[in-house]
Structure formats: C-alpha cells, structure tokens
Amino acid sequence: MNNGEKRIIPLTEGLYTLPASPDEKPHLIGSRCINCNELYFPKKEKGLCIHCQQKTLEEVELSRQGKIASFTIVLQPPAGGFYHGPVPYAYGYVDLPEGVRVETQFTGNFNNLEIDGDVEMVIEKLYENAEGDEFVTYKFKPLKEQK
Ligand SMILES: [Zn+2]
C-alpha cells in the first residue's frame, strides 16, 4: 500500500504533457522538422525526418482540438489479455489543424461521435491496478457534449 495516496501513471511515457495543476491543459507531444516543416506524432526519438532525411526534428506541443477522421466502436475486449480498459470502447483517428493525424481512443458519449466532428484531447483513467494506482492515457472527447 502507499498510504492511500493514488499514483497517476501514464500508460506510455513521452506521448503527452501531464498538467501539474488544474489550470494547466495536457498537450500531445509531436516532432516538427525545422527544415521541411513535416509533423509527426508520436514524436520521433532519433530526430530523423523521414520526409527530408535531415536530423532536424524538434519537440512541439500539438493542438488540443481537432476533427474526427474516422472511428470504430468496439463491443468486445481484444483477444490476448493486454487490454485492461472499459468495453465498449471507441477508437479511430483525429486530424489536428497542423496537418497531423493522431490515432486515439475516444471518450464521452459515443452517440456524439461523427466524421468531421470537433473533439478535444483529455487525459483519462484507463484502469486501476490492485494498489489503486491509476493508469491514464490520452483520449479525444466530442466538444458537442461540453456545451
Ligand atoms: Zn524534414
């Protein structure tokens, strides 16, 4: 046990910034090529732009809002036992205004998912382990239901 204090653990390191306070918003972290302007998500660790073959990538925070390019609602847990999140779940792709396409899970009311629909990035609990630690990941949520 850890004195009843829950730990928040990103499922994958380096994909996004975690807010340090409630006023801060999370951002996905990508790479931008300062030579040819190509954008990547997730960021490329080795800094090599596969578009222009230069080692000219820098880390950038990506927009928090985008539009749904495609989505699927999955009613059964995937085989293999690696998935610990809720079922049904929704995933697909979101296009950010910078021109990068992000693979993501969706959250909120799945009835509000629509192609071209506006969504915003959030950090959400995916599951909890036996010690009560929360494993979190980024998801996108329809803006519709926040009005
Ligand atoms: Zn480049």
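Mind checking which lysines have their C-alpha under 18 Å from Lys44, skipping anything on the same chain fewer than 8 residues away?
The qualifying lysines are Lys55.
Over 19 Å apart: what share of the alpha carbon pairs of the stretch 1-63 falls there, rounded to a whole percent?
Considering the stretch 1-63, 44 percent of its Cα-Cα pairs are separated by more than 19 Å.
If the limit is 18 Å between Cα atoms, which of Lys67/Lys139; Lys25/Lys46; Lys6/Lys139 go over it?
Those over the limit are Lys25/Lys46; Lys6/Lys139.
For the chain, what is the accessible area per residue in Å² when the probe is 1.4 Å?
It amounts to 61 Å² per residue over the chain.
Could you order Leu18, Leu28 so the one with the most accessible surface comes first? Probe is 1.4 Å.
Reading off the accessible areas and sorting them downward yields Leu18, Leu28.
If you build the Cα gyration tensor of the chain and take the root of 5 times each eigenvalue, what three semi-axes come out, in whole angstrom, biggest first?
27, 21, 16
In whole percent, what relative contact order does the stretch 64-147 give with Cα contacts below 8 Å and a gap of six or more residues?
RCO, the stretch 64-147: 30 percent.
For the stretch 64-147, just run the numbers: alpha carbon Rg, then divide by 2.2 N^0.38 Å, N being how many residues it has.
Output field value: 1.12.
On a 1.4 Å probe surface of the protein chains, which of Arg64, Arg32, Arg101 comes out largest in accessible area, and what is the full order?
Arg101, Arg32, Arg64
How large, in percent, is the carbon and sulfur part of the accessible surface of the chain at a probe radius of 1.4 Å?
48
The values are calculated or read from the model by the stated rules, or taken from the named source; none is laboratory data. Owing to the predicted nature of the structure, the values given are computational and were not obtained by experimental measurement. For the accessible areas, the whole protein counts, side chains as well, though only heavy atoms, and no ligand, DNA or RNA atoms are used. Shrake-Rupley method; radii C 1.70, N 1.55, O 1.52, S 1.80 Å.
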